[in-house]
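Remarks on the structure that follows.
The values are calculated or read from the model by the stated rules, or taken from the named source; none is laboratory data. Here the structure is a predicted model, which is why all the values come from computation and not from measurement. So basically every Cβ, Gly included, is an ideal-geometry build from the backbone, and we count neighbours across all protein chains shown.
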Amino acid sequence: MTGIPATGMPADAVLAALLDRKQGDRDWRRGRLAVYFYWLDEELERVQQQAYLAYWTENNLGQRAFPSLKSLEDEVIAMALSLLGGGERAGGTFTSGGSESIFLAMMAARNRARTQRGVARPNIVLPNSAHLTFDRAAEALGMEARRVPIGADLRADVAAMEARMDAETVALVGSAPNYPFGTFDPIADIAALAARSGAWMHVDACVGAFLAPYVRRLGHDIPPFELNVPGVTSMSADIHKHGMAPKGASLLLVADAADREWHKFESCAWQRGPYAAYTTQGTRPGGAVAAAWAAMNHLGEEGYLRCARLIMEAKAIMTAGIAAIPGLGILAPSDLGIFVWRATDPALDIAKVAAALDAEGWLVGRQQEPDGIHLHLNPIHREVAGEYVEAVARAVSAARGGQTGRIGANERTY
Ligand SMILES: Cc1ncc(COP(=O)(O)O)c(C=O)c1O
């Protein structure tokens, strides 16, 4: 076990040790990962870093002390609401990430149903392609998560969801899009079902919020998923994904700001005085808010459209190139920059293909069902789309020639 060093290291040595420690990590700037990061260019990176540093130690819990942070947060929420169909009554909360936004939405749904409908044993009904963070939230909140198989079109089966509902269903969920396939669930139909039953309807747009509206403007067919769809109660929208902000930035948006009260904690039950929070965090990094504000203002609609164009071009190049390689196929449909490819030739072992790609330095995301390879593209992939297709072709030849190892189940990457 390593203890805290008895004497401190000089500043330069500390930084040198950190940079040295990173040597073995994957180089995300070269586009060799299609998971975990979002990157456009060095200029945006500089804007993010400097904005974060400008507020590097300010605590966003202390908005009395730092009113500028409150104004930045309000503007971030207002910009998102105007993009995502928020009306006069809409509101939002800045959170640390998609998982926190989703946790708060599920907590609000439970609390509302408990107060208004006396629900004692709450459940949520969701398509089985929804992010597992819903199950984690349900477990922590004492709710049952009822996962319903999706249809052959890789979208939520609304009739099957309805069949799993009962008087204690407090929330319905739809993804815009889901992470495994990149498909949009029929949000309008799920929301209509929620409106009929009195359930809270949460749209998980962690991936789609800051990309889908721009992909739609490029002419692609994106179904309505926004807050103005009748029956939608809330939406998780990650700025640290396609909003292009550094980590620690998501929003929980609500169609009616009054619904924020259902995820508010408030108490005076200690000596220090009243304490209230709309998030699960107490102390909150001011840098995350400043950097999100900076990314949104630096990119503007023009910048987001550019990101959307680069991603969709990368996807077109990759999917056409991979589909042309004998023995491989693209799983369809997929609506944004997420897609899955797999072996259509039973003689081709996808695990060997994955191992060969990994050996060339591409971090492989293995899809469990169907057995395949998952990519979640960001703008940097436009530059490497052709290289990736060539690497896949080489990996397939290596796998067919038996010149590679296998990536085992325990090495599956998220
Ligand atoms: C659709 C979807 N929802 C929720 C999440 C969870 O977000 P986070 O990792 O920011 O907590 C993710 C993360 O990839 C996601 O893709």
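Quick notes on this one:
- The single condition among (1) touching a residue at least 60 places away in the same chain (Cβ under 8 Å); (2) in a helix (DSSP H, G or I) that VAL229 does not meet is (2).
Let's see how each residue does on (1) among the β-branched types (Val, Ile, Thr); (2) touching a residue at least 12 places away in the same chain (Cβ under 8 Å):
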site	(1), (2)
GLY8	no, no
TYR36	no, no
VAL47	yes, yes
GLY85	no, yes
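- Among residues of the stretch 91-108 that are without any contact (Cβ under 8 Å) to a residue 40 or more places away in the chain, those with a Cβ under 9 angstrom from a residue that is part of a helix (DSSP H, G or I) and within 12 Å of the ligand (Cβ to nearest atom), sequence gap 6+ or separate chain, pair up as SER99/THR133; SER99/ARG136; SER99/ALA137.
- Where helices (runs of 4 or more DSSP H) fall wholly inside the stretch 5-83, the ranges with 3 or more residues that are crowded, with 18+ Cβ neighbours inside 10 Å are 42-54, 67-83.
- When restricted to residues that are surrounded by fewer than 24 Cβ atoms within 10 Å (Cβ to Cβ) and within 12 Å of the ligand (Cβ to nearest atom), the stretch 99-111 contains 2.
- Some residue of the stretch 268-285 being among the β-branched types (Val, Ile, Thr) and in a helix (DSSP H, G or I): no
- The numbered conditions (1) among the hydrophobic types (A, V, I, L, M, F, W, C); (2) within 16 Å of the ligand (Cβ to nearest atom); (3) surrounded by fewer than 22 Cβ atoms within 10 Å (Cβ to Cβ) are all true for LEU377 except (3).
- Residue list for the stretch 371-414, restricted to those being outside any helix (DSSP H, G or I) and at pLDDT below 95: GLY401, GLY402, GLN403, THR404, GLY405, ARG406, ILE407, GLY408, ARG412, THR413, TYR414
- The residues in the stretch 60-82 that are touching a residue at least 12 places away in the same chain (Cβ under 8 Å) and closer than 18 Å to GLY300 by Cα can be counted, and the count is 8.
- At least 1 residues being within 16 Å of the ligand (Cβ to nearest atom) and surrounded by 15 or more Cβ atoms within 10 Å (Cβ to Cβ) is the threshold, and among the helices (runs of 4 or more DSSP H) wholly inside the stretch 112-226 those reaching it are 133-140, 187-197, 212-217.
- Boolean, MET107 is in the same structural domain as GLY198 (by TED's automatic domain parsing) and assigned to a loop (DSSP other than H, G, I, E, B): no
- In the stretch 86-98, of all residues being assigned to a loop (DSSP other than H, G, I, E, B) and more than 16 Å from the ligand (Cβ to nearest atom), the one that is surrounded by the fewest Cβ atoms within 10 Å (Cβ to Cβ) corresponds to GLU88.
- Filter pass, GLY300 being in a helix (DSSP H, G or I) and modelled with pLDDT of 95 or more: yes
- Among the residues listed as ALA245, ALA295, ALA258, the single one being in contact (Cβ under 8 Å) with a residue 60 or more places away in the chain, in a helix (DSSP H, G or I) and farther than 26 Å from LEU126 by Cα: ALA295
- The single condition among (1) on the phi > 0 side of the Ramachandran plot; (2) within 11 Å of the ligand (Cβ to nearest atom) that MET244 does not satisfy is (2).
- Qualifying residue in the stretch 259-267 (condition: outside the structural domain of ILE373 (by TED's automatic domain parsing), closer than 22 Å to PHE103 by Cβ, within 16 Å of the ligand (Cβ to nearest atom) and among the polar types (S, T, N, Q)): no
- Residue list for the stretch 175-210, restricted to those being in contact with a helix residue (DSSP H, G or I) (Cβ under 7 Å, 6 or more places away or on another chain) and either at pLDDT below 95 or aromatic (Phe, Trp, Tyr) (or both): TRP200, PHE210
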